[in-house]
Amino acid sequence: MITVMEQSTPMMLAVRASGRLTDADYRDVWIPALEKVISENGKADALFCMDADFTGWDVMAAWDDAKFGLAHRKDFRRLAVVGGPNWVRWGVKLGELLMDCEIRLYPPEKLGQALEWVTS
């Protein structure tokens with residue numbers, strides 16, 4: 001499940017991911033919210049925070065993520081990724097090669113620092 005965090009601003013979308021992400025999470029929450037930030041600002045800042053119970057993406061959600069990321073690879077300024085299992089870090093490192101923005105990884109206890117960086 002993806003939920004929009006109260007720390008979001010008009011220029012920065014912060015979301016919390018828990019459990020297993022689905023196509024509906026991307027179609028109904030993540031993608032429309034990002035498209036709104038991009039259309040209103042030209043570029044988006046984003047924070048993706050994974051809860052301890054985060055288990056990953058189903059196939060369609062992974063496809064949605066890859067497709068949107070590639071189509072909008074120049075539409076991000078900063079992306080902070082907080083928490084998640086070790087295998088997510090490898091995926092983020094791969095994403096750095098494809099995205100045209102700054103990406104930083106933070107452990108769960110550094111959420112405040114991640115928010116500060118992504119909005120600065």
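The values are calculated or read from the model by the stated rules, or taken from the named source; none is laboratory data. All values reported here derive from a predicted model rather than from experimental measurement. Ideal geometry is used to build each Cβ from the backbone, glycine not excepted, and the neighbour counts take in all protein chains shown.
Here are some notes:
- Residue count for the stretch 32-57, restricted to those that are over 18 Å from ARG89 (Cβ atoms) and either in contact with a strand residue (DSSP E or B) (Cβ under 8 Å, 6 or more places away or on another chain) or crowded, with 16+ Cβ neighbours inside 10 Å (or both): 7
- The condition of being touching a residue at least 60 places away in the same chain (Cβ under 8 Å), surrounded by fewer than 20 Cβ atoms within 10 Å (Cβ to Cβ) and not basic (Lys, Arg) holds for only one of MET11, MET60, MET1, that being MET11.
- Of the strands (runs of 3 or more DSSP E) lying entirely inside the stretch 1-87, the ones with 2 or more residues being of a type in the set (D, E, K, R) and modelled with pLDDT of 95 or more are found at 76-83.
- Of residues in the stretch 26-41 being under 19 Å from PHE76 (Cβ atoms) and among the acidic types (Asp, Glu), the one nearest to the chain's Cα centre (by Cα): GLU35
- Matching residues in the stretch 93-120 - criterion: being farther than 14 Å from LEU47 by Cβ and either in a helix (DSSP H, G or I) or charged (D, E, K, R) (or both): LYS93, LEU94, GLY95, GLU96, LEU97, LEU98, ASP100, GLU109
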